[in-house]
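Chemist: Shown below is the structure under consideration.
Where a number appears in this text, it was derived from the coordinates with a stated rule and is not lab data. Only a predicted model underlies this, so the values are computations on that prediction, with no experimental measurement involved. FYI the Cβ positions are ideal-geometry reconstructions off the backbone, even for glycines, and counts take in every protein chain you see.
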Amino acid sequence: MFGAFIEGGIENDGVIAAFPRFEDHEPCVKEPDPGQGERRKFRTIWISDIHLGTRGCNAEMLIDFLDSVDSDTMYLVGDIIDGWRLKKKFYWPDSHNDIVWRILKRAKRGTRIVYIPGNHDEMFRQFTGLHFGGVEIRRAAFHETADGRRLMVIHGDEFDAVMLAHRWLAFVGDALYTMTMRLNHSVNVVRRRLGLPYWSLSRMAKHKVKNAVEFISRYEEVVARAAAQRGVDGVVCGHIHTAEFRDFDGIEYWNDGDWVEGCNALVEHADGTMEILHWADEIARRDNQPQPTGISAEAGIAAAA
Ligand SMILES: [Mn+2]
């Protein structure tokens, strides 16, 4: 099935060459008519870290998102396809094709789509400056919001080298925490036998976990400072799978999250207001709303009265 959109094979230098003739295919999960439903309209949508080609990708949730929203511009902020994982083991269910289909369909309907490859899909970086099926491939982009703020859009792996030392701390912190949670119990069994008071090893470990939190925090600051140096008002990135907004001395840091765990998107409303959407919450809110039939019945009563 993947042959429908991915041609050339990943064995050729890991290059996924083209998306030919998607119009000839229908998605497996049928797309509701965009004219019929009431899709939420945004000026801009940013999504990243979809990791198509891995089991981690939450394709069903993303299909629901894509069928519920629309925008003038959509930025794909990297790690859309996990080329590295695909190279090791080919995994490409129909739902992943459905996502590619929907993105290409949007481009065809007139949405401007800018694709900024990340580190997992860096094989697309060689196509920087080219267009595929109406999708522009860029190394980075500059976006101007409706209220005139200039935002730099990058995937964010550019800062890995700077962060390497901190990344190690984060991993060590996490491993230590898991280990100490287990150890804590055994240590106290022994201490009790020796008549010693309870001692919290995990409290000490909490300090180490703070390193992981500090890693993210440091990353956000490093990226924001880099944006400041380029004279923009803010930055939009992905990469660390942590949706977030922060303000560093007037420089806005926006992370659009991921579609592995968080299922987040960053959106810009018509007036330039930005918002991080947590799609699981949006689905819950939608399901709790009264059914359209209920609304029209009430409206009917009101009209009759
Ligand atoms: Mn990445």
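Chemist: For Leu277, which sequence-distant residues (separation of 5 or more, or a different chain) have an amide H within less than 5 Å of its own amide H, given hydrogens modelled in the peptide plane?
Modeler: The answer is Ala265, Leu266, Val267.
Chemist: A follow-up question, please. What residues have an amide H closer than 5 Å to that of His120, excluding those fewer than 5 places away on the same chain, when H is modeled at 1.01 Å from N in the peptide plane?
Modeler: Close amide H contacts, sequence-distant or interchain: Asp79.
Chemist: Additional query: Is the shape of region 73-119 rounded, prolate or oblate, going by the alpha carbon gyration tensor and its root eigenvalues a ≥ b ≥ c, with a/c under 1.5 for rounded and a/b larger than b/c for prolate?
Modeler: Oblate shape, in that a/c is at least 1.5 and b/c is the bigger or equal ratio.
Chemist: How big is Rg to Rh over region 17-145, alpha-carbon atoms, Rh as the Kirkwood inverse-mean-distance radius?
Modeler: Using only Cα positions, Rg/Rh for region 17-145 is 0.94.
Chemist: Region 219-280: Rg/Rh from Cα coordinates, Kirkwood Rh?
Modeler: Radius of gyration relative to Kirkwood radius: 0.98.
Chemist: Mind giving me the nanometre distance, one decimal, between the label points for Glu60 and Asp281, set 7 Å out from Cα along Cα→Cβ?
Modeler: Those two pseudo-labels are separated by 2.2 nm.
Chemist: Further question on the same structure: For Glu122 and Arg109, calculate 0.36 nm times their separation in residues minus their Cα-Cα distance, and state this gained length in nm to one decimal.
Modeler: Taking 0.36 nm per residue and subtracting the Cα distance, the gain is 2.0 nm.
Chemist: Work out from phi, with θ = phi - 60° and the Karplus expression 6.51 cos²θ - 1.76 cosθ + 1.60, the ³J(HN,Hα) of each residue of region 47-62, listed in order in whole Hz, and give x for Gly and Pro.
Modeler: Once θ is set to phi - 60°, the couplings for region 47-62 become 9, 8, 6, 7, 6, 4, x, 10, 5, x, 4, 8, 5, 4, 5, 5 Hz.
Chemist: Same structure again: Quick query: amide H of Ser48 versus all other amide H atoms, modeled in the peptide plane; which residues come in under 5 Å with a sequence gap of 5 or more or a different chain?
Modeler: Residues meeting the criterion, in which the H sits 1.01 Å from N, are Val77.
Chemist: Using a Förster distance of 25 angstrom, determine the FRET efficiency expected from the C-beta separation of His25 and Ala140, and round it to 0.05.
Modeler: Computed FRET efficiency for His25 and Ala140 comes out at 0.20.
Chemist: Right, something else. How about Lys108: which aspartates and glutamates have a C-alpha closer than 18 Å to its C-alpha, ignoring those fewer than 8 places off in the same chain?
Modeler: Glu23, Asp24, Glu26, Glu31, Asp33, Asp67, Asp70, Asp72, Asp98, Glu136
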